[in-house]
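These notes are about the structure you will find just below.
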Amino acid sequence: MGDTGIQVGPEPLTFAEVVAVARDGARVTLTDEALKAITEARAAIEELASRPTPVYGVSTGFGALATRHIAPELRAQLQLNIVRSHAAGSGPEVEREVVRALMLLRLHTLATGRTGVQPATARAFAALLNAGITPIVHEHGSLGCSGDLAPLAHCALALIGEGQVRDAKGDLRDAADALAEAGIEPVTLGAKEGLALLNGTDGMLGMLVMAIMDLRRLLTAADLAAAMTVEALLGTDRVFAADLQALRPHPGQGVSAANLRALLADSPIMASHRGPDCTRVQDAYSLRCAPQVNGAARDTLTHAELVASRELASAVDNPVVLPDGRVESNGNFHGAPIAYVLDFLAVPAADVASMSERRTDRLLDKARSFGLPPFLADDPGVDSGLMIAQYTQAAIVSDLKRHAVPSSADSIPSSAMQEDHVSMGWNAARKLRRSVDGLTQVIAIEIMAAARALELRPPLRPGPATGAVVERLRERVPGPGPDRHLAPEIAAATELVRDGSLVAAAESVTGPLS
């Protein structure tokens, strides 16, 4: 990254670069190669704009109004009109990190030289990011076809000094005032620039990239939770053996099983019932099949990473400026490739959470927990223990199952039937964010329950890796004892899962987990 921050040019951005700008506020710099490509493409647009023959998006209207030739004296007004009219979002504000990811990815497409914007427009877009100015983008408005039109229009509106933004402090401001304070001159849009700023799948892609990064961490945490519960319930680890897993050679399954073996290594609890008198050869599916479920989730995630990588190498606009100077209409703005994987990921997020909830329920059920007190309570009957924490899991899992219903299977025609099939990928992305958040909480509650259960197995002690996790959790969440206010403890455990602290504690013993 260096002192100049993230270099934005025609080459693809990495997942880490997207997250650095979106979440960590990293600065961006347009490369010389980008500015050269932008300048050359702009010259092609200017030449086409001077011709008497209509060119879509340059000298015509848009969408269903593309048949109207726009006179030169009206084209500046046309660009303003498309931005103002398309900034029609509604509902709650979208998170700052989503808007920043969206802006960075649109800037990258501008930097490919395929859109035809003026260099000053791209520079101003970069300046908005570097000033920490975040346009107000709303929850509803994108159909995921012709790109994320309304969300991008709200960003373009800020670029021309209109609408509202949040400044670097998070205060709500008029865009004109925030730009003036930051020393950014509002952009005067030229031919084609309105379309170039609006016609991208950047919001969907930004949310996909961040969800992938989050889910990679969470699936390792799901393996950790499963290992702790297997250990606490006196389950068998023989089913995780490498030779058994190799009989079904899915890559994700192998990774998950390897994690479980590492996490359970040298556990006194596991050793205590590993002798010839052990009858635990067939644990419940939620324990025995953890590698199969968590592994399938990993393989789904790998496919999503492939799609996201292709999208990060894309230049999505309509029309586009080709290297030979031609300007051609296309359908690359359709969000289906992104929408499908956004929906795919919501399915394993729900299922991994569902399996986690089932393991937690076993920890709390005296009939199935092999000697643990009911609900892991201090004085069952007087104390409820973690009974209602499992209720919370169940409520979240029910919600995640609804989020697993695909958005991309829906389509509502728009623009007088010109845009007669749309992806609904923005909606898929929004619900996936909720799925990731819910999965984080469910895993955290299982780890809370498993940690308490492990501490209720004296004189036996957990293994080095899971023991390190219990110690790290205890820095924020107290151990077994009488009932107390649980919500703050769930929130603390959730944050330790979200920021990777608990996995890091395990890795201090096991080395890197996958």
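Just give me the residues in the range 32-54 being open to solvent by less than 40 Å² (accessible area, probe 1.4 Å) and closer than 12 Å to Gly113 by Cα, in sequence order. Once the filter is applied, which keeps residues that are open to solvent by less than 40 Å² (accessible area, probe 1.4 Å) and closer than 12 Å to Gly113 by Cα, the range 32-54 yields Ala34, Leu35, Ala37, Ile38, Ala41, Arg42, Ala44, Ile45. The residues of the range 83-107 that are open to solvent by 10 Å² or more (accessible area, probe 1.4 Å) and closer than 28 Å to Glu47 by Cβ, listed by number, are Arg84, Ser85, His86. Looking at the range 313-332, can you tell me whether even one residue there is modelled with pLDDT of 95 or more, in a helix (DSSP H, G or I) and either under 22 Å from Gly235 (Cβ atoms) or open to solvent by 40 Å² or more (accessible area, probe 1.4 Å) (or both)? There is no residue in the range 313-332 that is modelled with pLDDT of 95 or more, in a helix (DSSP H, G or I) and either under 22 Å from Gly235 (Cβ atoms) or open to solvent by 40 Å² or more (accessible area, probe 1.4 Å) (or both). Filter the range 276-290 for residues that are modelled with pLDDT under 95 and more than 20 Å from Leu456 (Cβ to Cβ); which is surrounded by the most Cβ atoms within 10 Å (Cβ to Cβ)? Here the answer is Cys278. Checking each residue in the range 159-204 for being closer than 23 Å to Gln79 by Cα and more than 30 Å from the chain's Cα centre (by Cα) picks out Ala176, Asp177, Ala180, Ile184, Glu185, Pro186, Val187, Thr188, Leu189, Gly190, Ala191, Lys192.
Scanning the range 403-422 for residues that are more than 18 Å from the chain's Cα centre (by Cα) and either part of a loop (DSSP other than H, G, I, E, B) or free of Cβ contacts under 8 Å to residues at least 24 places away in the same chain (or both) gives Ala409, Asp410, Ser411, Ile412, Pro413, Ser415, Ala416, Met417, Gln418, Asp420, His421, Val422.
The values are calculated or read from the model by the stated rules, or taken from the named source; none is laboratory data. Keep in mind it's a predicted model, so treat the numbers as computed, not measured. Here Cβ is always computed from backbone atoms with ideal geometry, including for glycine, and neighbour counts include all displayed protein chains. Ligands, DNA and RNA are excluded from the accessible area calculation, which covers all protein heavy atoms including side chains. Shrake-Rupley method; radii C 1.70, N 1.55, O 1.52, S 1.80 Å.
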